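Taking it in order: structure first as structure tokens, then the write-up.
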């Protein structure tokens, strides 16, 4: 089904709408100068680059056999949030992002955001960027993306999931689309500018 016939567009955030992937990764290595922590973090992040900060940091601390994992996860996540939030609010949008959101906003389609960013932080970032007007709803962690897309599909009450499309840059975005058998646009291969051109050429 062509994009022009889709009724629901579900966007990833980091690396899809904003150029924030490097900001998010670099911040993990600014949490501490503990060499063991950073070595384990590097290996763990390379194996599971899309998991939430809570899961990633817990995994690292478990490997280190930390004495008080929960309190340290809470402390590091709070520090991580303070490092990335303002930078993500201010970072560059991906080419075509705003133009595409505006174009879709003029059509009879619903736009959602599905992210691994904690939902409270995600909503703050979107609000401060002035983008809240474009989205019907914003979803973040602890809900994962497959859970989110199923919730969106249920709420939209569409008998045909082919009317939904997921746009993202990661494996979790692709898997979420596969979980309800809807289309997936990999923005690493097809840019938002390309998507906008296709929609405008109809």
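The values are calculated or read from the model by the stated rules, or taken from the named source; none is laboratory data. Keep in mind that this is a model prediction, so the values were computed, not measured. Cβ: placed from backbone, ideal geometry, glycine included. Neighbour counts: every protein chain shown.
Observations on the model:
- Filter result (touching a residue at least 60 places away in the same chain (Cβ under 8 Å) and under 19 Å from the mean Cα position of the chain (by Cα)) within the range 163-176: 164, 165, 166, 167, 168, 169, 170, 171, 172, 173, 176
- Sole exception among (1) buried (at least 17 other Cβ atoms within 10 Å of the Cβ); (2) touching a helix residue (DSSP H, G or I) at 6+ places or on another chain (Cβ under 9 Å); (3) over 30 Å from residue 83 (Cα atoms) for residue 96, by number: (3)
- Residue count for the range 128-143, restricted to those that are modelled with pLDDT under 95 and either crowded, with 18+ Cβ neighbours inside 10 Å or outside any loop (DSSP other than H, G, I, E, B) (or both): 1
- Some residue of the range 173-191 being outside any loop (DSSP other than H, G, I, E, B) and modelled with pLDDT under 95: no
- Residues of the range 52-74 that turn out to be under 20 Å from the mean Cα position of the chain (by Cα) and within 15 Å of residue 34 (Cβ to Cβ), as a count: 1
- Among (1) modelled with pLDDT of 95 or more; (2) assigned by TED's automatic domain parsing to the domain that holds residue 33; (3) touching a strand residue (DSSP E or B) at 6+ places or on another chain (Cβ under 9 Å), the one test that residue 59 misses: (3)
- Looking only at residues of the range 149-166 that are under 15 Å from residue 12 (Cβ atoms) and touching a helix residue (DSSP H, G or I) at 6+ places or on another chain (Cβ under 7 Å), we find that the one that is surrounded by the fewest Cβ atoms within 10 Å (Cβ to Cβ) is 165.
- The helices (runs of 4 or more DSSP H) found wholly in the range 20-125 and carrying at least 2 residues that are touching a residue at least 60 places away in the same chain (Cβ under 8 Å) occupy 21-28, 53-64, 69-90, 97-105.
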